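Notes for the one structure printed next.
The values are calculated or read from the model by the stated rules, or taken from the named source; none is laboratory data. Please read these numbers as outputs of a predicted model, since none were measured by experiment. Note that we place each Cβ from the backbone using ideal geometry, even for glycine, and neighbour counts take in every protein chain shown.
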Amino acid sequence: MNNLIISIVSDTGPLISLEKLENGYQFIRQFYEQMFVPKIVIEELYQGQFSNWSDYQKFYNVGDCLTIIEEKLSILPILDALDAGEQQAIQLAYNRQLPLLIEEEKGRKIAQELGLKFSGIAGQILKAYRQNLITAEDGTKKLGELLKAGRIGKKMYYELIKQINLSSQAKF
């Protein structure tokens, strides 16, 4: 990675997807030195699994991967139909003009309307493969982990596998 600090904002869904990948947080660090996450997203993330954030961090080996943002954001009216975590994540990305990790369809549509760049974790796996950070075999394995965990559907899985296979054939 170059010396530029590459930042992104994340909603809850992509972080849950990272939990399902072997060394998921280490994987995403290949792209982003800073991941901004609204405090409400952090609370959504660990509640139900752990009694506190520190236990979550230790269990998933998060380290300093996530920067928790506690500032109060003024929410755009277009975000009213979303849950609080999505609202805060999209608003933060919009305010800072940063790309967004988001997986929920309704939130992705609004992010698109706002002109934000966005991706889910499956898209990040494809990105890693295209940038030669992982092999086709590793990409296929990671996509399989997401499929098995119910984080992507079969249609998306097969489409991404097809893209990896086409790309790998073009490399020869």
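Look at (1) small (Gly, Ala, Ser); (2) under 20 Å from residue 15 (Cβ atoms); (3) in the same structural domain as residue 21 (by TED's automatic domain parsing); (4) free of Cβ contacts under 8 Å to residues at least 12 places away in the same chain and you find that residue 85 fails only one, number (4). Against the criterion of being among the charged types (D, E, K, R) and surrounded by 22 or more Cβ atoms within 10 Å (Cβ to Cβ), residue 113 does not qualify. Report whether or not residue 110 is hydrophobic (A, V, I, L, M, F, W, C) and assigned by TED's automatic domain parsing to the domain that holds residue 17. Judged against the criteria, residue 110 is a match. Which of the residues that make up the range 95-126 are among the hydroxyl-bearing types (Ser, Thr, Tyr) and more than 16 Å from the chain's Cα centre (by Cα)? Across the range 95-126, there are no qualifying residues.
Taken over the range 144-163, the residue count meeting the criterion of being buried (at least 16 other Cβ atoms within 10 Å of the Cβ) and touching a residue at least 12 places away in the same chain (Cβ under 8 Å) is 8. Exactly one residue out of 108, 130 is farther than 14 Å from residue 27 by Cβ and modelled with pLDDT under 95: that is 130.
Scanning the range 87-104 for residues that are within 21 Å of residue 124 (Cα to Cα), touching a strand residue (DSSP E or B) at 6+ places or on another chain (Cβ under 6 Å) and outside any loop (DSSP other than H, G, I, E, B) yields 89, 92, 93, 100, 101. Every condition in (1) surrounded by fewer than 18 Cβ atoms within 10 Å (Cβ to Cβ); (2) of a type in the set (Asp, Glu); (3) under 14 Å from the mean Cα position of the chain (by Cα) is met by residue 137 except one, and the failing one is (3).
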